[in-house]
Every structure is written in structure tokens, then in C-alpha cells.
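Read through the structure below, which is laid out as C-alpha cells, and then see the notes.
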Amino acid sequence: MLLILMVMAMGGIFYILNYYGRGLPDYAQLAQYEPPIVSRIYAGDGSLLSEFAKQKRLFIPISAVPKRVIEAYLSAEDKNFYSHGGLDYWGLMRAVITNAKNTFTGRSKVGASTITQQVAKNFLLSGVQTYERKIKEAILSYRIEKAFSKDQILELYLNENYLGFGSYGIAAAALSYFNKPIDQLRLSEMAYLAALPKAPNNYHPIRQYDRAVGRRNWVLKRMYEEGYITEEEKNIAQSEPLIVSDRDKTRIFKAEYFTEEVRRELKNLYGTEELYEGGLFVRTSLSPDYQYIAEQQLKLGLITYDRRHGWRGPLAKIPLDKIASTSDQLEQLESFIKKDIPLGMDRWQLALVVDVKDDVAAILLSGGVKGHISLDEVKWARAWKEKEYLGSEVVAVTDVLALGDIIVVEKMRKALSSETRSDEMEESQSYRLQQIPEIEGSLIAMDPHTGRVLAMVGGFDYKRSEYNRATQAKRQPGSAFKPFVYAAALEHDFTPSSMILDAPFVIEQGYGLGKWKPQNSSNQFYGASTLRLGLEKSRNLMTVRLAQYLKMDSIVEMSERMDIMNDMPPVLSMALGAGETTLLQLTTAYGMIVNGGKKITPTFIDRIQNRYGKTLFRHDERSCPDCRTDEWQFQAEPEIPDERKQVLDPVTAYQMVSMMEGVVQRGTGIRIKSLGKFFAGKTGTSNDSFDTWFIGFSPDLVVGVFVGFDKPRSLGNQEEGASVAVPIFRDFMQDATKDSPVVPFRIPEGVRLVRVNPKTGQLAEAGEKNTILEAFRQGSFPTKDGEVLDGFNSLVQTNTKLRTGTGGIY
């Protein structure tokens, strides 16, 4: 009978193992275990820009885990881990007996799962407690033990568990609870972490302090019983309070528009799962110094424009006639502040106007802080009117502010003089009235030799609008496109001194469409003028006449070659920038001019590595075997091949640089001249001043600025690229290059510099004043027999006399 019972028992066990062992998850997948870990984005100098993760986990190999931490976990979870085969039979029997006793005493039941069983449950099974799951767990544990070493199993366990405070794994938990790396934990802290796997919320160090300390002390007792620590060490550790330290806030350099562009690119390359779980290491091209300057100067430029066009009124109004007490007024203000309206500037605050007089207004700020605004600080706030006109001048504070207005203010660094403030304002702080700009803009700074984007700002404030006006907004570049028309002319044997007629230009657009009559911004005509002068002064009529002569196909080809826009219609208005492009594309094209005509591709990412350090992507793919050496032994500097494609002739590129340098010295960008360094560029303004641009460069930095309304409308009378975008460029370059040496533009071989009269383009006479050095291709220079491109769509000989007339085109 005994033999029969044994056979039946063994048969039953075999049946159960066979029945539940079928269809189990493949435990071999644990060998390729890659826990979800954080992907990190870094700036070019190593500053952290952002982290992307679903679970905040830091993976730590078992070889790096301190021995005491392992001993604490073994004491708390599985003292026989290194001796059993996946199931602890003695522990199981002990748990059965203990639970039987606890059933009668009312105590909670104890578990008997080994670390291997917990690995099987956490990785391969659900957390639902059923007898069926326990059987499957046991089978998988046995199989895991046969396939993996004990250290491998323990490594999986220590890195996978959720330990509370949003932490997965012991390395992340050490930082979250104690703000320490795991190798710097005290014994009592190690014991506390070992107490958490079963139920971290039950042993919360603040809400469940007593239970947490009790569980920690129990782990210390177990460590002593297992011989891992002495009684003295146990007593000292148990006497220590459980103190949680807030984790140091990760120091992140904020560049939201730039970081979001990188995130989108990573998602497109590798997908969402790899981005948020793959532990990517991404080194970007961002320069934090340039980025900070870009954000500050763009914001200040937009604010300056916005103040120039008046006051659009308060953010809101609160009826204060029935709210007399300061506490009630403060409650109303705080309620509005909770709406979390993005202000865009760190020093700006919301305030409530609680009293108004002709010369001063009293305001109330968050926390009950009192302040005041003087008349001088609101004089700019003339009423805004449609089409960007201004109302009458402000002569009293009451012209601008009223009781109950909620406004934006900025604390002044200097207080009002005693003569200009009343007695009741004596103790309050002085503030100035501010306004969140409605105008928007963007700025890009790029290395013209590599295409690396060093700074990018896509709008006034990312919290207010995530729309990136540097990469997503397609707008008309206006005259900022003209350099590429002139470059096409230089490729067709024109020189910077070639003469173009500036006169009325009228063409029929087709049946029923009327005549197209482009005009200069000044609405004047200037007769025959040099190619250089046409670019410096941004002459529309000269540009259209030139484009008509060249044929639009050559302009379209130039646009596509420089990656400005594709599928450009071959119509003359495109030569004046009537097409659409992005700031990033246009800035890149200007970079290809200043770098000598070399092809560049804009990039935000230098290199991407996976969690193991393998390089997945590198922007600069050139090889340099001689760059890797153990030591320097006075060998020559390695030569890295220049593999960039030549898209513009170097001489043509330099001629364009020289002509755009004239824009800064004598033309529409003259406000930049005061910096006293070598800068060049071109303004751009679309029809009715809907879009304003300035794209400019130094020898080693190209910067693009765009300013316009998101819903296109005119920026106002007399507003153009020279008045809106140029000051932003100038102020950025002033700060960005303040410590840089003065470097002239590089002149390639094949360029001949000739002194000429800038108005006529003719060779300068001896002793002639106000001349310039003009860049000519070797073998070409101005002669006394000049030619003028006139309205006949041809070059007409003038015998040194400038042909002026319309040439038959009206």
C-alpha cells in the first residue's frame, strides 16, 4: 500500500508538473534582460538637458553592489539563496507551520518565496495570488536555477523591484530615499532598503514611520542572527533614526524648444519605446552659453517691439468696489494666479491694482506684498489700436490703469525718489508695468562649417506655445531671399559692379489678373545702380529685372541647390521672397555662403549611444585613424578629409559675403556696424510687413532671426527687418562674440580686390574718396565702357554714361 501510495503521489506530481509546465513563458529571455532605463539628452558641454523615462531606474551590475547590501537582502528575503535550487523546502515547511499557528492567533501570514521565485513572478508571471500561479512559479524557478548563476539571478532581482518613491531598483532607491549612491549608505539605511520589497507603501518612512523603523530593525536583527554583523553594529544601527533626505534636484539646463526638437527626432529614428525605455545617451550640439543669450535677446527684442505698439489692457478685471479688505483682495489675486498663466520672464509677477491716482498706482502682489507704479513707468502704455497704431500720449496713470486691474509687473532695481511718492507708499517697493507680447519670433545660431545648431529658440515662451517657429513655421523670407538671386547672377558672369536699371517694372500677369507692379520700399526709383548697391539697399526693382534676365529656372535651381525651398514656382515674385521657407532652412543656406560654398546639413545631435555605449549615430561620419594614439611624440596633426560637397563656387560665395558685408556697413543692416567686428547679412521683409527677418554671420557663426505674428498680420507702419530683427541679431552677436578675437572673412584663391567707386562700380581715380575694395574674379574687373541691364531684358552699352530710362517696360 505504501509503495502504491508513493507511486500515485509521484505520478500526481509528474502530472501536475507536466500539466502546468506546458506553455510557460520562455525563461531564456531573462538572459537578454534589458530593464527600462532613462534616456538622457546632454548639451555639447555635458550639461543635462532632459531625461525621458517611464520608470526612473538606474541599473547596477551585481559586481558593483556592496557586500553589506547583498547580505541585508539575503537576511530579509532568502537566507538560503546560495544553497537551494530555486525552492527553499525547509522554509516552505516553516511557513506552513507558522501560518497554521497565525490562523489561530490572528497574526498575518508569512511568505516563503525565494528570490528566484520572486524573479519568476516579477518577470514572467502576473502578480495575482493563486495556487496555479505558485505552481508555475515553482517550475520556472527550478528552470531558472539551471540556466543562470546565482549572481545573475540576484542582479535581476535587485534591479527590477519597485521600492517606492518612484524608484525601481536599489540604485535609484538609494538616491530617492537618502540622496546617496549605494556605496555610501550606512548600515541602517541598507537595512531599510532591504525591508521594502514586500510592500514599500506599508513602510513609508514618513507616513508609516514606526512600522518602517520596526521593519528595518527586524532586518538588522536577521543580519546579526546570520552572522553578517556584530551585536554592537546591530545595536548602533537600530538606535539611529530613519531620516529621509530629499534627492538633489537634477540640474537641468532648460532649452525646451531645442530639447523637444531632439525628442521628436529620436522618436522618428528609434520609436517611442526605445526613447523612453532604451537608456539612450544623446550628445547634442547645443551651446548653453549661446542658448542663454539667444533666449534673453529674443525675448527682449519682442518686448521692445511690443511696447513700441502700445498697451492692450489688463489680463483681467476684478470688481473691488465690494471688496474692501486686503485679505479678500489677496484671495482674489491668488485665485487668479492659480490659473498659472505663463508670463515668459523670470522677474515678472502678477499684481492687482488696489488704488489709482494720477501720479501713482498702488498694487498688491502674491503673499500680501505691496508695491506701487509711478507715472514714468506707464508712459509707454499708449492705447493699442488696429494696424499697430497708437492712442494719445499718457499724461496720468489713470489713463492706463484702473481699480481692480490684474496686470504684469516687474520689480525695479531702484526705488522712487522721496519727492515722487506719497507717504502711504513710503514702505512699498517700486514696480514697472509690463505686457506679455503678442508678437512671436525665433532665433537660430549655427556653426556654418558643420551645420551644428548651437542655439535655437522657437518662441517667446515654451509654456505658452510649444509651436516652434524656427523649424515648423513656413513664412515668406522677403528680401532675405535676394542674395540667392544675386548669387545666380554672379554665376552668369555678372560682377558686384555690374549695373542694373532701377526703374518702374510692370508686366501683365494674364487674362483678368491685371498688371504686376513691384515697388521699392521707398516707392522711389534710383536709375542705374551696381549689383552691390541693389543688395545693400534691398532694391526690389533691380532684383526683379535681374531675375527676368537670368530666367526664373536658374533662380529655382539655386533655391533647390541651397535647400531653401522645393517646388518653387518659376514666377518673378519668387525672386522677391514670395515663397515660403523655415528659419532653419534659410539660416543653413546662408551658412553655405560664408563657409565657401560647402554643403552642410543642419543637425541638433552630435552622437547617439545605446545603454552599452555602442554608437548608433554620429553626425560627423569622417574617419580619422591617426586621431587615435597612445601618446604624442611630436607627430604632425592628423588631417581629416573635407567630404563636403561644393554647391557654390568659392569665389562666388566670397563675392556674396563681401556684398552682404556692405549691407552691414552701408545698407539696411547698418545698426550692426557699431559692434566694430566683421559681420555680414541681409534683412528681409515680406509684403505689408507680415514677416521680418535678418540672417547674418561672422566668419564662424551664422545666426537667423524671424519676427512675426502667428496669425499673419502687419507689424505696423515703418516696421521691417531693419527695425525689428536686426536689433535682436546685433544684441545676440554683441554678447556671443564679446570674448572672441576680431577675425576677417576668409578670401579664397581666385579673388582679386579692386578699389572702385561704390556708386558707379568704376575703377577709383587716384585720390578719390569714399571708395571701397570690390571683390572680382581673376580676369574680370570694371572697365570704362560700362553696361546696364535695362528694361529690354538685355545688357546695353552706355559708353561710360549710365543709361537711365525705362527701356520700354513700364
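The values are calculated or read from the model by the stated rules, or taken from the named source; none is laboratory data. Treat the numbers as computed from the prediction; the structure is a model and nothing was measured. FYI the Cβ positions are ideal-geometry reconstructions off the backbone, even for glycines, and counts take in every protein chain you see. The protein model used for the area step is the full one, side chains on, heavy atoms only, and it has no ligands, DNA or RNA in it. Shrake-Rupley method; radii C 1.70, N 1.55, O 1.52, S 1.80 Å.
Considering the values (1) 32.9; (2) 29.9; (3) 31.1, which represents Kirkwood radius over Cα pairs in Å as calculated for the structure under consideration?
(1)
Output the relative contact order of segment 241-364, whole-number percent, from Cα pairs under 8 angstrom with separation of 6+ residues.
11
When the Karplus curve 6.51 cos²θ - 1.76 cosθ + 1.60 is applied with θ = phi - 60°, which whole-Hz ³J(HN,Hα) does each residue of segment 474-480 get, with x for Gly and Pro?
Ordered by residue, 3J(HN,Hα) equals 9, 10, 6, x, x, 5, 5 Hz.
So in the chain, what percent of DSSP beta bridges are antiparallel if you round to the nearest 5?
Values: 78 of 91 bridges.
Bridges in the chain are about 85 percent antiparallel.
So what J values fall out for segment 233-246 if you push phi through Karplus, 6.51 cos²θ - 1.76 cosθ + 1.60 with θ = phi - 60°, rounded to Hz, Gly and Pro as x?
Residue by residue, segment 233-246 yields 4, 4, 5, 5, 5, 5, 7, 6, x, 8, 10, 9, 10, 4 Hz.
Does anything in segment 701-718 have its amide N under 18 Å from the 7 Å Cα→Cβ label point of Ser465, and if so which residues?
Once the point is set 7 Å along Cα→Cβ of Ser465, 705-716 turn out to lie under 18 Å by backbone N, inside segment 701-718.
Quick check: the distance between the Cα centres of segment 720-792 and segment 308-330, to the nearest angstrom?
Between the Cα centres of segment 720-792 and segment 308-330 lies a distance of 55 Å.
What does the highest-first list of 622-631, 321-330, 770-779 look like by mean Cβ count within 10 Å?
Highest mean packing first, the order is 770-779, 321-330, 622-631.
Compute the normalised compactness of segment 260-399: alpha-carbon radius of gyration over 2.2 N^0.38 Å, N being the residue count.
1.51
Which whole-number percentage describes the relative contact order of the chain, with Cα contacts under 8 Å and a sequence gap of 6 or more? Let's see the in-between values first.
Numbers: 1532 pairs, mean separation 90.8, N = 810.
Relative CO of the chain lands at 11 percent.
Over segment 739-786, what is the relative contact order in whole percent, taking alpha-carbon pairs under 8 Å and six or more residues apart?
Worked out over segment 739-786, it gives 37 percent.
Write out the GluC sites (Glu not before Pro) in segment 339-408 meeting two conditions: DSSP loop, and at most 14 other Cβ atoms within 10 Å of their Cβ.
Sparse-neighbourhood loop GluC sites (Glu not before Pro): Glu393.
Applying the Karplus parametrisation 6.51 cos²θ - 1.76 cosθ + 1.60 with θ = phi - 60° to the phi angles of segment 65-72, what ³J(HN,Hα) value in whole Hz is obtained for each residue in order, glycine and proline being reported as x?
The phi angles translate into 7, x, 4, 5, 5, 4, 5, 5 Hz.
Count neighbours as other Cβ atoms within 10 Å of each site's Cβ, and list the GluC sites (Glu not before Pro) in segment 539-610 that are DSSP loop with at most 16 such neighbours.
Answer in residue order: Glu580.
May I ask you to give the percent of accessible area on the chain that is carbon plus sulfur, with a probe radius of 1.4 Å?
Solvent-exposed carbon and sulfur of the chain make up 50 percent of the total.
So how far apart, in nm, are the two label points at Leu616 and Ala9 if each is 7 Å from Cα heading toward Cβ?
The answer from the label model is 5.5 nm.
Under the 0.36 nm per residue contour assumption, what length would be gained going from the current alpha-carbon distance of Ala199 and Glu386 to full extension?
Values: separation 187, 0.36 × 187 = 67.32 nm, distance 6.39 nm.
Residue separation times 0.36 nm, minus the Cα-Cα distance, leaves 60.9 nm.
Could you state the accessible area per residue of the chain in Å², with a 1.4 Å probe and every protein chain left in place?
Working: 40350 Å² over 810 residues.
Ligands and nucleic acids excluded, the figure is 50 Å² per residue.
Which of the peptides 49-62, 158-171, 530-543 is most tightly packed, and how do the rest follow, going by the mean number of other Cβ atoms within 10 Å of each residue? Write out the running numbers ahead of the final one.
On the way: 49-62: 18.0, 158-171: 21.3, 530-543: 25.4.
Highest-to-lowest ranking by the protection proxy: 530-543, 158-171, 49-62.
Return the long-range amide H neighbours of Leu715 (sequence gap of 5 or more, or a different chain), with a cut-off of under 5 Å between placed amide H atoms.
Hits under the 5 Å cutoff: Phe690.
Ignoring everything but the protein chains, give the 1.4 Å probe accessible area of Ser430 in square angstrom, nearest 10.
0
Helix-only mean residue ellipticity at 222 nm, the chain, DSSP H runs n ≥ 4 weighted -39,500 (n - 2.57), per residue, nearest 500. What is it?
Counting only the DSSP helices, I get -10500 deg cm²/dmol.
Which pairs, out of Lys474/Lys682; Lys299/Lys474; Lys463/Lys673, put more than 27 Å between their alpha-carbon atoms?
Long pairs (Cα-Cα over 27 Å): Lys463/Lys673.
Amide H of Lys254 versus every other amide H placed in the peptide plane: which residues, excluding those fewer than 5 positions away on the same chain, fall under 5 Å?
Under 5 Å from the amide H of Lys254: no residue qualifies.
When you count, for each residue, the other Cβ atoms within 10 Å and take the mean per peptide, how do 465-477, 709-721 rank with the highest first? Before the final figure, lay out each step's value.
Details: 465-477: 20.5, 709-721: 16.5.
So the order, starting with the most tightly packed, is 465-477, 709-721.
Excluding same-chain residues fewer than 8 positions from Lys221, which lysines have a Cα within less than 19 Å of its Cα?
Lys67, Lys79, Lys198, Lys234
Starting from the Cα-Cα distance between Gln778 and Ser239, subtract it from 0.36 nm times their residue separation and give me the gain in nm to one decimal.
185.2 nm
Which residues' amide hydrogens lie under 5 Å from the amide hydrogen of Asp405, considering only partners 5 or more residues apart or on another chain, with H built in the peptide plane?
Residues meeting the amide H criterion: Ile318, Val353.
Distance from the Cα centre of segment 592-607 to that of segment 496-573, in angstrom?
Result: 28 Å between the Cα centres.
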